[in-house]
1. Just checking, which of Leu45, Leu4 is touching a helix residue (DSSP H, G or I) at 6+ places or on another chain (Cβ under 7 Å) and either modelled with pLDDT under 95 or not assigned by TED's automatic domain parsing to the domain that holds Gly414 (or both)?
2. For Arg53, work out the one condition from (1) in a helix (DSSP H, G or I); (2) free of Cβ contacts under 8 Å to residues at least 60 places away in the same chain; (3) under 30 Å from Thr400 (Cα atoms); (4) of a type outside the set (Phe, Trp, Tyr) it doesn't fulfil.
3. If I filter the stretch 406-439 down to residues being of a type in the set (Gly, Ala, Ser), assigned to a helix (DSSP H, G or I) and buried (at least 23 other Cβ atoms within 10 Å of the Cβ), which single residue comes out as modelled with the highest pLDDT?
4. Which residue is farthest from Arg102 (Cα to Cα), if the candidates are limited to the stretch 39-67 and must be surrounded by 18 or more Cβ atoms within 10 Å (Cβ to Cβ) and out of contact with any Lys or Arg (no Cβ under 9 Å at 6 or more places or on another chain)?
5. Can you tell me which of Leu98, Leu81, Leu146 is surrounded by fewer than 21 Cβ atoms within 10 Å (Cβ to Cβ) and among the aliphatic types (A, V, I, L, M)?
6. Suppose the filter is modelled with pLDDT under 95, in a helix (DSSP H, G or I) and either in contact with an Asp or Glu (Cβ under 6 Å, 6 or more places away or on another chain) or not assigned by TED's automatic domain parsing to the domain that holds Arg109 (or both); does Arg442 pass it?
7. Out of all the residues in the stretch 150-182, which are under 23 Å from Thr207 (Cα atoms), of a type in the set (A, V, I, L, M, F, W, C) and modelled with pLDDT of 85 or more?
8. Go over the candidates Val473, Val402, Val370 one by one and state the one that is outside the structural domain of Gln106 (by TED's automatic domain parsing), touching a residue at least 40 places away in the same chain (Cβ under 8 Å) and either among the polar types (S, T, N, Q) or farther than 24 Å from Arg358 by Cα (or both).
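The values are calculated or read from the model by the stated rules, or taken from the named source; none is laboratory data. Please read all numbers here as calculations on a predicted model, not as lab measurements. For neighbour counting, all protein chains shown are included, and Cβ atoms are generated from backbone atoms with ideal geometry for every residue, glycine included.
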Amino acid sequence: MTRLAFVVAASLALVPPQVVAQKAGKELRTFRRAFAADNETAKTLEAKRAALRGVRSFDSDRAVRALVDAYANLESEAEPLRERRRKFLVRGGGSKLLKTFRNEMQPIRNLQDQLLARLAKVRDPKATRAMVQVLLKSKRRVPLTLRLALASGAAGASKRELSQLVDSTSGVQGDDRTVLLLRALAPLGPRAAKAVPWMLSVLENATEQLRIEALLALRQMRSVDSIQPLIDHLESAQRRERDALIDTLITLTGAYPGETTSAWRMWHRNEGHALTSGEKPLGRGDPKVRAKNSDTAGKTSGSYFGIRQDGLSVLYVFDVSLSMKAKTGKKKDAVRPTRWERCKAELHRSLRELPPNRKFNLVGFANHLVVFEHEMVEAKPKNVERAHEWIDGLELEFETNVYDALEYSFQLAGRGVSDRYYVPEADTIFFLSDGAPTRPKRKGRGIERDAFDEVLAAVRRWNPLRRVVIHAVGLGTPKLTKKMQKEGREPPAREFLRRLAGENGGRFVEVR
């Protein structure tokens, strides 16, 4: 410790506790005034930032409630701006008002992200208790993104709060409340073992996505008592639930006997004793072993650039910017189609492979958005034929406005994706681009590189429960060189697409 740090620490130690409490109370009052519901952020931004800095080290129940109220007030302020953007996005984007609304909203969203980051640092038992109480008992409407942050904070729960969480699973009603409890209990692992029977009961729920949430939670719980029921559930599981179930079994057991129920039952009968006796640790398996031994892509509903189309409702979002005119392949190749030609050919092929009972839609983006239909449509032959004609009639234009494209995509997916746990209109997005996001300049004309951290943060708000899987395709994106690998960096376009897929349960592929 330096001499200066020692002097400061010694000085703080001499301050009476009541003086520290008085100062904390004053800072919290200042914070609440700054983030009051009637304080417009555009006029009080610096005051809000200063007030947030003032409570950056506070770790108490009062601080938690102040942070929660501040976030909710900011959400109420952002809601009218979001609604106005929604109306203009339907018209195709690219307007000056869309740019204005985003510029007005971004400081609000940045403050909310800082509030969530502050809540994530809560460690004091009383503060953690306050987070659990708000999660379970709050009567005011708490935004879903905030409730998920509070659920994550339950990882530091004491025995008292842990008991409250487990007890709250009895007779729980509502899918959104169920998923919040799953998110809160899962990180507790064996500490919340009493909740395992309830988690297993969620597998009988009618909603596939909720069953997948339960499987992800059971994966973290590492309970040997869940293995046999999970194997039994294999008989009825379908599609993505089955994939998640097998990945969960692999993670828990460290084994991969195959894809069938009979293979897993035989393994459990012959080798499962090593887990039940404690000879072999739980939770050490890697689902990647499955990819090396199982090739099921495209067998039922086709694929898009090698990624299986297993969603019930698929949305193709693709780049129609001028850079898509660039050639693909190697210079020595006899035929070198453009990126746009490759994109169109893959869209045509993938649409032909969709079963008629699936739904789909298409969104092209550059400066403006071009949309096939303003709702998801069934993949019946007549709709697919219209889609082929629509694709062939598209023209390329300036810019790569990813933010508006993704926002509109989630608008098509439905409000339930980001608000409450309703069935989404779209459950899978295939996102294709050849470059990093751009946006209209904040001031003046022209375009500039968009801050893709802001885009990714927005996607987390639009898709907080990851109910929509996003697969990302980099078509002709800059290559990752050995020098970049050595320096621990990668081209911005590649990093954005990789993170977009990784944060939303999807795959990222590069196409040359």
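1. Of the residues listed, the single one that is touching a helix residue (DSSP H, G or I) at 6+ places or on another chain (Cβ under 7 Å) and either modelled with pLDDT under 95 or not assigned by TED's automatic domain parsing to the domain that holds Gly414 (or both) is Leu45.
2. All conditions are met except number (3).
3. The qualifying residue modelled with the highest pLDDT is Ser409.
4. Taking the candidates together, the pick is Arg65.
5. Leu81
6. When the stated conditions are applied, Arg442 does not pass them.
7. Scanning the stretch 150-182 gives Ala151, Leu165, Val166, Val179, Leu180, Leu181, Leu182.
8. Val402
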